[in-house]
Amino acid sequence: MNAAIKSAKRVHAEVTVPGDKSISHRSVMLGSIAKGDTHVSGFLTGEDCLSTISCFKKLGVDIELDGTNVTVHGKGLHGLSAPSEPLDVGNSGTTLRLMSGLLAAQPFTTHITGDKSIQKRPMGRVAMPLGLMGGKITSDGEKLTAPLTIEGAELKAVDYTLPVASAQVKSAIILAGLYADGVTRITEPEATRDHTEIMLNYLGANIKKEGNTIVVTPVEELTARDISVPGDISSAAYFIAAALICADSEVIVKNVGINPTRTGIITAFRAMGADIELLNERTVCGEAVADIKTKSCRLHGTVIKGDIIPKLIDEIPVISAAACYADGETVIADAQELKVKESDRIKTMASELRKMGADITETDDGMIIRGGRPLKGTVCESYDDHRVAMSVAVAALGAEGETVINNSECVDISFPGFFSMLDNMREE
Ligand code: S3P
(Lines give C-alpha, C1' and ligand atoms only; values in the text may rest on other atoms or scores of the structure.)
Protein backbone atom coordinates (compact mmCIF):
# COMPACT_ATOMS: atom_id res chain seq x y z
CA MET A 1 0.00 0.00 0.00
CA ASN A 2 1.10 3.57 -0.71
CA ALA A 3 -0.25 6.52 1.29
CA ALA A 4 -0.57 9.96 -0.26
CA ILE A 5 -0.43 12.89 2.18
CA LYS A 6 -1.32 16.41 1.10
CA SER A 7 -0.12 19.48 2.95
CA ALA A 8 -2.51 20.88 5.55
CA LYS A 9 -3.36 24.50 6.21
CA ARG A 10 -4.13 23.60 9.77
CA VAL A 11 -5.15 20.62 11.91
CA HIS A 12 -7.96 20.72 14.38
CA ALA A 13 -9.30 17.76 16.37
CA GLU A 14 -10.20 16.09 19.62
CA VAL A 15 -9.24 12.44 19.28
CA THR A 16 -8.35 9.29 21.16
CA VAL A 17 -5.48 7.10 20.00
CA PRO A 18 -5.16 3.30 20.26
CA GLY A 19 -3.96 1.68 23.47
CA ASP A 20 -0.38 1.84 24.69
CA LYS A 21 1.71 -0.81 22.95
CA SER A 22 4.03 -1.52 25.88
CA ILE A 23 1.16 -1.85 28.35
CA SER A 24 -0.94 -3.96 25.95
CA HIS A 25 1.90 -6.49 25.53
CA ARG A 26 2.40 -6.68 29.26
CA SER A 27 -1.32 -7.11 29.98
CA VAL A 28 -1.34 -10.36 27.98
CA MET A 29 2.01 -11.59 29.27
CA LEU A 30 1.31 -10.91 32.94
CA GLY A 31 -2.36 -11.88 32.61
CA SER A 32 -1.19 -15.26 31.27
CA ILE A 33 0.98 -15.97 34.33
CA ALA A 34 -1.51 -14.55 36.84
CA LYS A 35 -4.08 -16.71 38.57
CA GLY A 36 -7.62 -16.06 37.32
CA ASP A 37 -9.16 -14.04 34.51
CA THR A 38 -7.77 -10.67 33.43
CA HIS A 39 -10.18 -8.42 31.53
CA VAL A 40 -8.22 -5.89 29.50
CA SER A 41 -9.92 -2.86 27.97
CA GLY A 42 -8.38 -0.41 25.49
CA PHE A 43 -6.04 -3.13 24.18
CA LEU A 44 -3.98 -2.17 21.12
CA THR A 45 -5.01 -4.45 18.26
CA GLY A 46 -1.87 -3.56 16.27
CA GLU A 47 0.04 -6.46 14.74
CA ASP A 48 2.75 -6.47 17.43
CA CYS A 49 0.32 -7.05 20.28
CA LEU A 50 -1.62 -9.62 18.26
CA SER A 51 1.69 -11.48 17.91
CA THR A 52 1.96 -11.56 21.71
CA ILE A 53 -1.55 -13.03 21.96
CA SER A 54 -0.73 -15.68 19.37
CA CYS A 55 2.48 -16.68 21.21
CA PHE A 56 0.70 -17.10 24.53
CA LYS A 57 -2.08 -19.12 22.90
CA LYS A 58 0.63 -21.50 21.70
CA LEU A 59 1.79 -21.77 25.32
CA GLY A 60 -1.66 -23.09 26.26
CA VAL A 61 -3.33 -19.87 27.45
CA ASP A 62 -6.96 -19.25 26.45
CA ILE A 63 -7.29 -15.66 25.26
CA GLU A 64 -10.39 -14.02 23.76
CA LEU A 65 -10.27 -10.82 21.74
CA ASP A 66 -13.45 -8.79 21.20
CA GLY A 67 -12.73 -5.41 19.63
CA THR A 68 -10.29 -3.76 22.00
CA ASN A 69 -11.35 -5.97 24.94
CA VAL A 70 -9.26 -8.98 25.77
CA THR A 71 -9.92 -11.71 28.31
CA VAL A 72 -6.88 -13.69 29.39
CA HIS A 73 -7.61 -16.89 31.29
CA GLY A 74 -4.42 -16.88 33.37
CA LYS A 75 -2.63 -20.14 34.08
CA GLY A 76 -0.65 -18.99 37.11
CA LEU A 77 3.13 -18.64 37.36
CA HIS A 78 3.75 -22.32 36.65
CA GLY A 79 0.89 -23.10 34.25
CA LEU A 80 2.33 -22.46 30.77
CA SER A 81 2.75 -25.55 28.61
CA ALA A 82 5.31 -26.52 25.96
CA PRO A 83 4.37 -25.17 22.51
CA SER A 84 4.01 -27.73 19.74
CA GLU A 85 5.48 -25.37 17.14
CA PRO A 86 7.90 -22.40 17.08
CA LEU A 87 6.56 -19.10 18.38
CA ASP A 88 6.46 -16.24 15.86
CA VAL A 89 6.75 -12.69 17.24
CA GLY A 90 6.37 -11.04 13.81
CA ASN A 91 7.98 -7.57 13.98
CA SER A 92 7.81 -7.27 17.77
CA GLY A 93 11.07 -6.86 19.69
CA THR A 94 9.12 -6.37 22.91
CA THR A 95 7.45 -9.76 22.51
CA LEU A 96 10.71 -11.56 21.80
CA ARG A 97 12.81 -9.93 24.50
CA LEU A 98 10.25 -10.03 27.32
CA MET A 99 9.20 -13.58 26.51
CA SER A 100 12.84 -14.70 26.57
CA GLY A 101 12.94 -13.88 30.29
CA LEU A 102 9.74 -15.77 30.95
CA LEU A 103 10.61 -18.78 28.79
CA ALA A 104 14.08 -19.12 30.32
CA ALA A 105 12.34 -20.15 33.56
CA GLN A 106 9.85 -22.69 32.14
CA PRO A 107 10.30 -26.46 32.41
CA PHE A 108 10.35 -26.88 28.60
CA THR A 109 12.19 -25.77 25.48
CA THR A 110 10.82 -23.13 23.11
CA HIS A 111 11.88 -22.12 19.61
CA ILE A 112 11.05 -18.52 18.85
CA THR A 113 11.54 -16.32 15.81
CA GLY A 114 10.11 -13.35 13.91
CA ASP A 115 10.22 -11.41 10.65
CA LYS A 116 13.26 -10.23 8.65
CA SER A 117 13.70 -7.08 10.76
CA ILE A 118 13.54 -9.05 14.03
CA GLN A 119 16.13 -11.50 12.74
CA LYS A 120 18.62 -8.63 12.50
CA ARG A 121 18.04 -7.15 15.95
CA PRO A 122 20.44 -7.83 18.83
CA MET A 123 19.28 -10.55 21.25
CA GLY A 124 22.65 -11.05 22.98
CA ARG A 125 21.59 -8.24 25.30
CA VAL A 126 18.91 -10.54 26.81
CA ALA A 127 20.71 -13.87 26.31
CA MET A 128 23.74 -12.61 28.26
CA PRO A 129 22.08 -11.66 31.58
CA LEU A 130 19.64 -14.57 31.34
CA GLY A 131 22.67 -16.82 30.83
CA LEU A 132 24.18 -15.47 34.06
CA MET A 133 20.96 -16.56 35.76
CA GLY A 134 21.41 -20.08 34.36
CA GLY A 135 19.10 -19.66 31.37
CA LYS A 136 20.07 -21.44 28.19
CA ILE A 137 19.44 -19.30 25.13
CA THR A 138 21.11 -20.20 21.88
CA SER A 139 20.82 -18.56 18.52
CA ASP A 140 20.25 -20.24 15.19
CA GLY A 141 20.84 -16.87 13.49
CA GLU A 142 24.02 -14.90 13.02
CA LYS A 143 25.55 -12.99 15.95
CA LEU A 144 22.98 -13.92 18.60
CA THR A 145 19.92 -12.98 16.61
CA ALA A 146 16.60 -14.82 16.20
CA PRO A 147 15.65 -17.63 15.63
CA LEU A 148 16.38 -18.49 19.26
CA THR A 149 16.12 -21.73 21.19
CA ILE A 150 15.28 -21.19 24.84
CA GLU A 151 15.80 -24.18 27.10
CA GLY A 152 14.05 -23.64 30.41
CA ALA A 153 16.12 -24.00 33.58
CA GLU A 154 16.09 -23.38 37.33
CA LEU A 155 17.23 -19.75 37.58
CA LYS A 156 19.62 -18.12 40.03
CA ALA A 157 19.10 -14.58 41.29
CA VAL A 158 21.67 -12.09 40.00
CA ASP A 159 22.88 -8.57 40.58
CA TYR A 160 23.16 -7.12 37.07
CA THR A 161 24.01 -3.69 35.68
CA LEU A 162 22.54 -3.04 32.25
CA PRO A 163 25.20 -1.83 29.81
CA VAL A 164 22.48 -0.16 27.68
CA ALA A 165 19.34 1.55 28.98
CA SER A 166 16.61 -0.80 27.73
CA ALA A 167 13.18 -1.43 29.21
CA GLN A 168 12.90 -4.63 27.20
CA VAL A 169 16.09 -6.09 28.65
CA LYS A 170 15.23 -4.87 32.16
CA SER A 171 11.77 -6.43 31.85
CA ALA A 172 13.15 -9.77 30.61
CA ILE A 173 15.35 -9.98 33.71
CA ILE A 174 12.49 -8.92 35.98
CA LEU A 175 10.26 -11.68 34.56
CA ALA A 176 13.04 -14.24 34.96
CA GLY A 177 13.65 -12.89 38.47
CA LEU A 178 10.09 -13.81 39.47
CA TYR A 179 11.19 -17.47 39.17
CA ALA A 180 14.73 -17.13 40.58
CA ASP A 181 16.06 -18.62 43.81
CA GLY A 182 16.47 -15.28 45.57
CA VAL A 183 16.35 -11.52 45.19
CA THR A 184 17.42 -10.18 41.77
CA ARG A 185 18.80 -6.66 41.49
CA ILE A 186 18.96 -4.79 38.17
CA THR A 187 20.70 -1.43 37.86
CA GLU A 188 19.95 0.81 34.89
CA PRO A 189 22.27 3.51 33.54
CA GLU A 190 19.21 5.73 32.98
CA ALA A 191 15.59 5.22 33.99
CA THR A 192 13.54 3.44 31.29
CA ARG A 193 9.81 2.80 31.05
CA ASP A 194 8.60 1.00 34.17
CA HIS A 195 5.30 -0.51 32.99
CA THR A 196 6.44 -4.02 33.91
CA GLU A 197 7.18 -3.00 37.49
CA ILE A 198 3.90 -1.07 37.83
CA MET A 199 1.74 -3.86 36.42
CA LEU A 200 3.48 -6.59 38.40
CA ASN A 201 2.94 -4.69 41.65
CA TYR A 202 -0.70 -4.06 40.62
CA LEU A 203 -1.05 -7.87 40.37
CA GLY A 204 0.49 -8.44 43.80
CA ALA A 205 4.23 -8.78 43.12
CA ASN A 206 6.96 -7.18 45.19
CA ILE A 207 9.12 -5.05 42.90
CA LYS A 208 10.92 -2.16 44.57
CA LYS A 209 13.10 0.64 43.30
CA GLU A 210 16.22 1.74 45.21
CA GLY A 211 17.77 4.62 43.30
CA ASN A 212 18.60 3.25 39.85
CA THR A 213 18.23 -0.35 41.03
CA ILE A 214 15.13 -2.48 40.59
CA VAL A 215 14.78 -5.13 43.27
CA VAL A 216 12.76 -8.22 42.34
CA THR A 217 11.59 -10.59 45.05
CA PRO A 218 10.04 -13.85 43.77
CA VAL A 219 6.37 -14.35 44.63
CA GLU A 220 4.20 -17.44 45.04
CA GLU A 221 1.44 -16.17 42.78
CA LEU A 222 0.20 -13.15 40.80
CA THR A 223 -3.50 -12.37 41.14
CA ALA A 224 -5.51 -11.42 38.03
CA ARG A 225 -7.10 -7.95 38.06
CA ASP A 226 -8.80 -5.95 35.34
CA ILE A 227 -6.51 -3.70 33.33
CA SER A 228 -7.52 -0.53 31.50
CA VAL A 229 -4.90 0.44 28.91
CA PRO A 230 -4.49 4.19 28.30
CA GLY A 231 -3.81 5.66 24.84
CA ASP A 232 -0.23 5.41 23.66
CA ILE A 233 1.80 8.63 24.00
CA SER A 234 3.99 7.29 21.18
CA SER A 235 0.88 7.40 18.93
CA ALA A 236 -0.37 10.72 20.35
CA ALA A 237 3.09 12.09 19.47
CA TYR A 238 2.18 12.25 15.76
CA PHE A 239 -0.80 14.51 16.41
CA ILE A 240 1.06 16.65 18.96
CA ALA A 241 3.74 17.19 16.31
CA ALA A 242 1.10 17.83 13.61
CA ALA A 243 -0.40 20.65 15.71
CA LEU A 244 3.07 22.15 16.14
CA ILE A 245 3.99 21.92 12.46
CA CYS A 246 0.78 23.45 11.07
CA ALA A 247 -0.02 27.08 11.94
CA ASP A 248 -3.28 28.00 13.69
CA SER A 249 -3.89 24.44 14.91
CA GLU A 250 -5.14 22.80 18.06
CA VAL A 251 -5.30 19.10 18.87
CA ILE A 252 -6.53 17.45 22.05
CA VAL A 253 -5.61 13.79 22.48
CA LYS A 254 -7.75 12.30 25.23
CA ASN A 255 -6.86 9.56 27.70
CA VAL A 256 -3.12 9.23 27.06
CA GLY A 257 -0.60 7.49 29.33
CA ILE A 258 1.78 10.09 30.79
CA ASN A 259 4.00 7.82 32.85
CA PRO A 260 7.02 10.08 33.59
CA THR A 261 9.33 7.53 31.93
CA ARG A 262 7.49 8.20 28.64
CA THR A 263 6.92 11.96 28.55
CA GLY A 264 10.29 13.07 27.17
CA ILE A 265 8.49 14.26 24.04
CA ILE A 266 6.51 16.80 26.06
CA THR A 267 9.66 18.04 27.81
CA ALA A 268 11.56 18.28 24.52
CA PHE A 269 8.76 20.05 22.63
CA ARG A 270 8.27 22.47 25.53
CA ALA A 271 12.02 23.21 25.40
CA MET A 272 11.43 24.06 21.72
CA GLY A 273 8.74 26.55 22.76
CA ALA A 274 5.64 24.35 22.36
CA ASP A 275 2.35 25.14 24.06
CA ILE A 276 1.31 21.76 25.52
CA GLU A 277 -1.13 21.43 28.42
CA LEU A 278 -1.99 18.34 30.46
CA LEU A 279 -5.66 18.20 31.46
CA ASN A 280 -7.62 15.85 33.77
CA GLU A 281 -4.53 14.19 35.22
CA ARG A 282 -5.44 10.94 36.96
CA THR A 283 -4.09 7.48 37.84
CA VAL A 284 -5.51 4.32 36.23
CA CYS A 285 -4.27 0.85 37.25
CA GLY A 286 -1.13 2.48 38.68
CA GLU A 287 -0.37 4.44 35.47
CA ALA A 288 -0.56 8.24 35.12
CA VAL A 289 -3.08 9.34 32.48
CA ALA A 290 -4.17 12.75 31.09
CA ASP A 291 -5.63 14.55 28.09
CA ILE A 292 -2.95 16.36 26.10
CA LYS A 293 -3.79 19.70 24.47
CA THR A 294 -1.36 21.14 21.93
CA LYS A 295 -1.66 24.52 20.23
CA SER A 296 0.47 25.49 17.28
CA CYS A 297 3.33 27.89 17.80
CA ARG A 298 6.68 28.64 16.21
CA LEU A 299 9.27 26.13 17.45
CA HIS A 300 12.96 26.81 17.94
CA GLY A 301 15.85 24.34 17.96
CA THR A 302 17.14 22.64 21.10
CA VAL A 303 19.59 20.00 22.30
CA ILE A 304 18.13 16.58 23.17
CA LYS A 305 20.62 14.26 24.86
CA GLY A 306 21.50 12.38 28.05
CA ASP A 307 18.99 10.80 30.39
CA ILE A 308 15.94 12.12 28.52
CA ILE A 309 16.72 9.83 25.55
CA PRO A 310 15.07 6.63 26.90
CA LYS A 311 12.00 8.73 27.76
CA LEU A 312 11.47 9.68 24.10
CA ILE A 313 13.38 7.01 22.20
CA ASP A 314 10.41 6.00 20.02
CA GLU A 315 9.44 9.65 19.41
CA ILE A 316 12.79 10.79 17.97
CA PRO A 317 11.61 10.14 14.39
CA VAL A 318 8.64 12.49 14.77
CA ILE A 319 10.68 15.02 16.77
CA SER A 320 13.16 15.09 13.90
CA ALA A 321 10.26 15.79 11.52
CA ALA A 322 9.04 18.69 13.69
CA ALA A 323 12.60 20.03 14.06
CA CYS A 324 12.68 20.60 10.28
CA TYR A 325 10.03 23.29 10.87
CA ALA A 326 11.77 24.86 13.89
CA ASP A 327 13.96 27.96 13.75
CA GLY A 328 17.64 27.11 14.18
CA GLU A 329 19.44 23.92 14.96
CA THR A 330 18.17 20.86 16.85
CA VAL A 331 20.85 18.46 18.06
CA ILE A 332 19.93 14.89 19.01
CA ALA A 333 22.76 12.95 20.70
CA ASP A 334 23.24 9.83 22.88
CA ALA A 335 20.62 8.07 20.75
CA GLN A 336 22.72 5.31 19.16
CA GLU A 337 19.97 2.83 20.17
CA LEU A 338 18.01 4.21 17.21
CA LYS A 339 20.30 2.20 14.96
CA VAL A 340 18.92 -1.12 16.25
CA LYS A 341 15.19 -0.36 16.14
CA GLU A 342 12.80 -1.67 13.45
CA SER A 343 15.10 0.18 11.02
CA ASP A 344 18.24 2.26 11.59
CA ARG A 345 16.14 5.29 12.43
CA ILE A 346 19.04 7.76 12.23
CA LYS A 347 19.68 6.72 8.66
CA THR A 348 16.09 6.19 7.53
CA MET A 349 14.67 9.42 8.97
CA ALA A 350 17.60 11.55 7.77
CA SER A 351 17.31 10.03 4.32
CA GLU A 352 13.55 10.56 3.91
CA LEU A 353 13.46 14.07 5.40
CA ARG A 354 16.40 15.02 3.17
CA LYS A 355 14.45 13.81 0.13
CA MET A 356 11.83 16.38 1.14
CA GLY A 357 14.46 19.12 1.30
CA ALA A 358 15.54 19.11 4.95
CA ASP A 359 19.06 20.00 6.03
CA ILE A 360 20.22 17.13 8.28
CA THR A 361 23.60 15.75 9.29
CA GLU A 362 23.71 12.21 10.63
CA THR A 363 26.05 11.65 13.57
CA ASP A 364 27.19 8.46 15.30
CA ASP A 365 24.62 8.83 18.04
CA GLY A 366 21.92 11.04 16.55
CA MET A 367 21.51 13.88 14.09
CA ILE A 368 21.72 17.62 13.66
CA ILE A 369 18.72 19.22 11.99
CA ARG A 370 18.97 22.77 10.69
CA GLY A 371 15.33 23.83 10.60
CA GLY A 372 13.51 26.42 8.58
CA ARG A 373 14.13 25.15 5.04
CA PRO A 374 10.85 24.69 3.17
CA LEU A 375 10.00 21.01 2.59
CA LYS A 376 8.47 19.71 -0.61
CA GLY A 377 6.33 16.62 -1.12
CA THR A 378 8.03 13.71 -2.88
CA VAL A 379 8.07 9.89 -2.92
CA CYS A 380 9.36 8.44 0.37
CA GLU A 381 10.03 4.96 1.73
CA SER A 382 8.80 3.51 5.03
CA TYR A 383 11.53 0.86 5.25
CA ASP A 384 8.67 -1.21 6.72
CA ASP A 385 9.16 0.79 9.90
CA HIS A 386 5.84 2.02 11.31
CA ARG A 387 7.35 5.01 13.10
CA VAL A 388 9.24 6.15 10.00
CA ALA A 389 6.04 5.98 7.92
CA MET A 390 4.02 8.00 10.45
CA SER A 391 6.78 10.57 11.04
CA VAL A 392 7.20 11.20 7.32
CA ALA A 393 3.40 11.57 7.05
CA VAL A 394 3.46 14.27 9.73
CA ALA A 395 6.38 16.04 8.03
CA ALA A 396 4.30 15.97 4.82
CA LEU A 397 1.56 18.10 6.42
CA GLY A 398 3.84 21.13 6.30
CA ALA A 399 5.44 20.34 2.94
CA GLU A 400 4.39 21.85 -0.35
CA GLY A 401 2.29 19.52 -2.53
CA GLU A 402 1.80 15.80 -2.00
CA THR A 403 4.04 13.19 -0.38
CA VAL A 404 3.69 9.51 -1.25
CA ILE A 405 4.87 6.95 1.31
CA ASN A 406 5.62 3.52 -0.14
CA ASN A 407 4.83 0.39 1.89
CA SER A 408 2.81 2.42 4.34
CA GLU A 409 0.77 -0.58 5.60
CA CYS A 410 3.44 -1.08 8.31
CA VAL A 411 1.60 1.53 10.41
CA ASP A 412 -0.69 -1.38 11.39
CA ILE A 413 2.13 -2.60 13.64
CA SER A 414 1.25 0.03 16.24
CA PHE A 415 -1.48 2.29 14.89
CA PRO A 416 -4.21 0.75 12.71
CA GLY A 417 -6.31 3.57 11.22
CA PHE A 418 -3.53 6.17 11.46
CA PHE A 419 -3.89 7.59 7.96
CA SER A 420 -7.65 8.10 8.13
CA MET A 421 -7.34 9.77 11.54
CA LEU A 422 -4.66 12.10 10.19
CA ASP A 423 -6.73 12.86 7.11
CA ASN A 424 -9.81 13.65 9.23
CA MET A 425 -8.00 16.35 11.20
CA ARG A 426 -6.47 17.99 8.10
CA GLU A 427 -7.98 21.24 6.88
CA GLU A 428 -6.90 22.57 3.49
C1 S3P B 1 9.75 -0.99 24.79
C2 S3P B 1 11.02 -0.53 25.07
C3 S3P B 1 11.84 0.24 24.13
C4 S3P B 1 10.99 0.83 23.01
C5 S3P B 1 10.05 -0.21 22.43
C6 S3P B 1 9.10 -0.70 23.50
C7 S3P B 1 9.01 -1.77 25.81
O8 S3P B 1 12.81 -0.60 23.55
O9 S3P B 1 11.83 1.34 22.00
O10 S3P B 1 9.30 0.36 21.37
O11 S3P B 1 7.80 -1.97 25.67
O12 S3P B 1 9.64 -2.19 26.78
P13 S3P B 1 14.26 -0.86 24.24
O14 S3P B 1 14.04 -1.58 25.51
O15 S3P B 1 15.00 -1.70 23.23
O16 S3P B 1 14.87 0.50 24.41
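The values are calculated or read from the model by the stated rules, or taken from the named source; none is laboratory data. Because the structure is a prediction, the values reported are computed rather than measured. Don't worry about glycine lacking a Cβ; one is built from the backbone with ideal geometry, like all the others, and counts go over all protein chains shown.
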Which numbered condition residue 115 fails, given (1) farther than 24 Å from residue 204 by Cβ; (2) touching a Lys or Arg at 6+ places or on another chain (Cβ under 9 Å); (3) at pLDDT 95 or above; (4) not aliphatic (A, V, I, L, M): (2)
For segment 238-259 the number of residues that are polar (S, T, N, Q), touching a Ser or Thr at 6+ places or on another chain (Cβ under 7 Å) and surrounded by fewer than 23 Cβ atoms within 10 Å (Cβ to Cβ) is 1
Sort out for me the strands (runs of 3 or more DSSP E) sitting completely within segment 339-428 that have 1 or more residues that are buried (at least 23 other Cβ atoms within 10 Å of the Cβ) and of a type in the set (S, T, N, Q). 402-406
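The rows are residues; the columns are (1) at pLDDT below 95; (2) within 16 Å of the ligand (Cβ to nearest atom).
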residue	(1), (2)
250	no, no
260	no, yes
282	no, no
297	yes, no
303	no, no
310	no, yes
322	no, no
329	no, no
336	no, yes
Could we say that residue 207 is part of a strand (DSSP E or B), surrounded by fewer than 22 Cβ atoms within 10 Å (Cβ to Cβ) and within 16 Å of the ligand (Cβ to nearest atom) here? yes
Residue 94, sole failed condition from (1) more than 13 Å from the ligand (Cβ to nearest atom); (2) under 23 Å from the mean Cα position of the chain (by Cα): (1)
Inside segment 284-336, can you point out the residues that are at positive phi and either among the polar types (S, T, N, Q) or touching a Lys or Arg at 6+ places or on another chain (Cβ under 9 Å) (or both)? 285, 328, 334
For the condition over 22 Å from the mean Cα position of the chain (by Cα) and either crowded, with 24+ Cβ neighbours inside 10 Å or over 25 Å from residue 218 (Cβ atoms) (or both), what is the one hit in 58, 35, 21? 58
